[in-house]
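Data block below; observations after.
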Amino acid sequence: MLVCMTRDFARLYKKADVGEKKLNEAIKEICAGNLIALGHKIFKKRIGSRFGGKRGGYRSIVYYRVEQAFMYLYAKNEQENITEREKRAFIELAGALEQMDIATLHKAIDENKLVRWNYAE
């Protein structure tokens, strides 16, 4: 499965105390459909911190289609929900990602426009 992150998500992930195990658990739950729909193939997914649960942890914004997920991350204690402006930006990003075929996705990864996550089930 190909899982990619925006550069913003990758940067925020490095600062957060999420950890690989929690992110992989979240990806598994995303694939199982355990997320909140925001429309336009955009979803919100809770991710627990490395040492805690999901309730006080992080929220990610996910663009999901079969075999690919693209995410943005924010801490719940810093922001309860995304703004309408942010939601519109994610919808626009989802539209661009929707048009990409697998070769274009790999090119975006090669050009460091997207960051590939080595997902381990």
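Just so it is clear, none of the values below were taken in a lab; they were calculated from the coordinates. Keep in mind that what you see is a predicted model, and the values were worked out from it rather than measured. Don't worry about glycine lacking a Cβ; one is built from the backbone with ideal geometry, like all the others, and counts go over all protein chains shown.
Would you list the membrane-span-like helices of the chain, meaning whole DSSP H runs whose alpha-carbon atoms span at least 20 Å along their axis and whose mean Kyte-Doolittle value is at least -0.5?
Going by DSSP H runs, the hits are 84-98.
Just the ratio, please: alpha-carbon radius of gyration of region 3-117 over 2.2 N^0.38 Å, N its number of residues. Please report the intermediate quantities before stating the final value.
Values: Rg = 13.4 Å, N = 115, 2.2 N^0.38 = 13.4 Å.
That ratio works out to 1.00.
Can you give the calculated 222 nm mean residue ellipticity of the chain, where each DSSP H run of n ≥ 4 adds -39,500 (n - 2.57) and the sum is split over every residue, rounded to the nearest 500 deg cm²/dmol?
Values: 4 runs with 45 residues, N = 121.
So the calculated ellipticity at 222 nm is -11500 deg cm²/dmol.
Need one number: % antiparallel among DSSP beta bridges in region 3-117, to the nearest 5.
On the way: 21 of 23 bridges.
Taking every DSSP beta bridge with both residues in region 3-117, the antiparallel ones total about 90 percent.
Under 8 Å for C-alpha pairs, at least 6 residues apart: give me the relative contact order for the chain, rounded to a whole percent.
34 percent
Top mean-square fluctuation among GLY57, GLY48, GLY39, Gaussian network model of the chain, C-alpha springs under 10 Å?
Comparing GLY57, GLY48, GLY39 in a Gaussian network model of the chain, the most mobile one is GLY39.
Return the long-range amide H neighbours of LEU114 (sequence gap of 5 or more, or a different chain), with a cut-off of under 5 Å between placed amide H atoms.
Here the answer is ILE109, since their amide H atoms fall under 5 Å of that of LEU114.
Go through PHE51, TYR63, THR6 and say which Cα lies farthest out towards the positive end of the charge dipole of the chain; charges sit on Cβ, +1 for Lys and Arg, -1 for Asp and Glu.
PHE51
Please list the non-local residues whose amide H lies under 5 Å from the amide H of LEU38, H modeled 1.01 Å from N, same-chain partners needing a gap of 5 or more.
Under 5 Å from the amide H of LEU38: PHE43, LYS44.
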